[in-house]
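These notes concern the structure reproduced below.
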Amino acid sequence: MSFSSSCILPPAMLGILGGGQLGAMFTVAAKTMGYQVMVLDPDMNAPAAQYADVHICAAFDDAAALQNMTRCAAVTTEFENVSADSMRWLAKFTQVSPSGDCVAIAQDRQEEKEWITRAGLATVPFAIICNDSDIDNHLEVLLPGILKTATLGYDGKGQIAVGTIGELRAAFLQLQNVRCVLEKKVDLRAEISVVVARLNEQQVACFPPAENQHENGILAYSLVPARLPQSVLQQAEYMALKLAHTMNYKGVLAVEMFVVGSEMQLIVNEVAPRPHNSGHYTLDACSSDQFQQQVRLMCGLPPAATDLLQPCCMANILGDIWPADSEPDWCTVLNHSTASLHLYGKKLVRPGRKMGHFTVLAEDSEQAWQTAQSLHLRLQNDTQNLYSTVLNELC
Ligand code: ADP
Ligand code: MG
């Protein structure tokens, strides 16, 4: 059997670049399947370090650390802003998925849009802005719009809404004149995402599309099944697969889409070359989950079945709900018989930081969402009550 066609089996050592919550959930999946895991992350308290066999605490482009990673039978990543060149270098010595080239596409909104177009799929109307002279009145057709940095944006960061050419100029300056994409603001009927698990042209699967609701630019809830016509959901799966094929993608790819206007046109927003926050529901509601798929694909194994076993809603838990010097009252979620709590073990709490999530199972996704919202509200209120108790005691 050739090197490329042989499967990597337990107890081989698998490597991951990045040890945040996605790296931690990957590590748990790999360890459960009997693999060993080596994590590279510069943070001493990286969530994945609590589960990994080896934690290399160094920068992602540290030569000695990367040399160490070549001991792994296969290497993957948990985030797109890892150096694509590090991944290309590692690929000379070990199996790397997704490829550095695919990661590079997802790192850059301009590249991403070129590949979406190459796949024959729709993007929002946009223009590239590299310097001041690119800004003139012909861009008025894209207003009101959103100016986004071409690289390094996430969770709504690196984006400014603009209504006039004057505001556009000011926003470009505020983003420090870095290369940007100006997108027309489209009328969002809904947002969905599809997580694809692809080994090659024949061996590919996708999880059911999730309907995503954002608050302040950060994912708040994912409902599955999405409350949209079956024909739209099938089209979304087709588009996600088409993009993965065009990129010749190996691994887990998340494709975010906008559902626009009353005719529900599907537009590809962006991709992530890894498991995605909106795919966390697969941990509790599907016959396999996105992290098991990441393990399987990097090892050359075919994707596992992706069936939804029960309707559900995933809710993110952000640092905002933490009371000062204590923990939210987890009983709120733990006492609910169809809710599963996932906490990432992050030591530093900050507003907007993703600290955990929970998933509620129910008869249908609407009901799961209602329950998830009320549990989330209670978690928040408990926190506020605690704040006022502390305040009262101080007064
Ligand atoms: P991020 O990398 O921060 O996830 P996105 O491009 O996905 O960046 O934008 C975050 C959110 O902002 C989207 O999920 C959507 O709700 C909103 N948004 C982004 N671009 C547009 C657009 N062109 N029109 C309307 N809403 C948008
Ligand atoms: Mg996004």
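Scanning the stretch 145-157 for residues that are in a loop (DSSP other than H, G, I, E, B), open to solvent by 20 Å² or more (accessible area, probe 1.4 Å) and more than 7 Å from ligand 1 (Cβ to nearest atom) yields a single hit, L152.
Considering the stretch 122-145 alone, what residues qualify as being within 16 Å of ligand 2 (Cβ to nearest atom) and not β-branched (V, I, T)?
We begin by selecting, within the stretch 122-145, every residue within 16 Å of ligand 2 (Cβ to nearest atom); these are 123-124, 126.
Result: F126, single match.
Once the stretch 217-229 is narrowed to residues that are away from ligand 2 (no atom under 13 Å from the Cβ) and loosely packed, with under 15 Cβ neighbours inside 10 Å, the residue that is nearest to the chain's Cα centre (by Cα) is R227.
Inspection of the stretch 158-176 identifies at least one residue that is in contact with a strand residue (DSSP E or B) (Cβ under 9 Å, 6 or more places away or on another chain), within 16 Å of ligand 2 (Cβ to nearest atom) and open to solvent by 40 Å² or more (accessible area, probe 1.4 Å). Within the stretch 241-251, is there a residue that is over 19 Å from the mean Cα position of the chain (by Cα) and either open to solvent by less than 10 Å² (accessible area, probe 1.4 Å) or among the hydrophobic types (A, V, I, L, M, F, W, C) (or both)? Within the stretch 241-251, not a single residue is over 19 Å from the mean Cα position of the chain (by Cα) and either open to solvent by less than 10 Å² (accessible area, probe 1.4 Å) or among the hydrophobic types (A, V, I, L, M, F, W, C) (or both). Filtered by the rule that a residue be out of contact with any helix residue (DSSP H, G or I) (no Cβ under 6 Å at 6 or more places or on another chain), farther than 12 Å from P311 by Cα and surrounded by 19 or more Cβ atoms within 10 Å (Cβ to Cβ), the stretch 357-370 gives a lone residue, H357. In the stretch 58-74, the residues that are free of Cβ contacts under 8 Å to residues at least 24 places away in the same chain and in a loop (DSSP other than H, G, I, E, B) reach residues that are of a type in the set (A, V, I, L, M, F, W, C) and open to solvent by 30 Å² or more (accessible area, probe 1.4 Å) with C-beta atoms within less than 9 angstrom, at least six apart or across chains, in these pairs: A58/A64.
Restricting the stretch 262-279 to residues that are touching a residue at least 24 places away in the same chain (Cβ under 8 Å) and out of contact with any Leu (no Cβ under 9 Å at 6 or more places or on another chain), which is surrounded by the most Cβ atoms within 10 Å (Cβ to Cβ)? Of everything passing the filter in the stretch 262-279, G279 is surrounded by the most Cβ atoms within 10 Å (Cβ to Cβ).
Can H214 be described as open to solvent by 10 Å² or more (accessible area, probe 1.4 Å), within 15 Å of ligand 2 (Cβ to nearest atom) and either modelled with pLDDT under 95 or not hydroxyl-bearing (S, T, Y) (or both)?
Values: open to solvent by 10 Å² or more (accessible area, probe 1.4 Å): yes; within 15 Å of ligand 2 (Cβ to nearest atom): yes; either modelled with pLDDT under 95 or not hydroxyl-bearing (S, T, Y) (or both): yes.
When the stated conditions are applied, H214 passes them.
Only residues that are buried (at least 21 other Cβ atoms within 10 Å of the Cβ) and either more than 16 Å from V37 (Cα to Cα) or of a type in the set (D, E, K, R) (or both) were counted in the stretch 51-78, giving 1. Contact map, the stretch 162-180: first residue farther than 25 Å from E111 by Cβ and outside any helix (DSSP H, G or I), second residue open to solvent by 30 Å² or more (accessible area, probe 1.4 Å) and not aromatic (F, W, Y), Cβ cut-off under 9 Å, separation 6 or more or different chains; pairs are G163/P144; T164/E140; T164/P144.
Being among the small types (G, A, S) and in contact with a Cys (Cβ under 9 Å, 6 or more places away or on another chain) is a description that applies to A150.
The values are calculated or read from the model by the stated rules, or taken from the named source; none is laboratory data. What you are looking at is a predicted structure, and each value in this text was computed from that prediction instead of being measured. For neighbour counting, all protein chains shown are included, and Cβ atoms are generated from backbone atoms with ideal geometry for every residue, glycine included. Just so you know, the surface numbers come from the protein's heavy atoms only, side chains and all, with ligands and any DNA or RNA stripped out. Shrake-Rupley method; radii C 1.70, N 1.55, O 1.52, S 1.80 Å.
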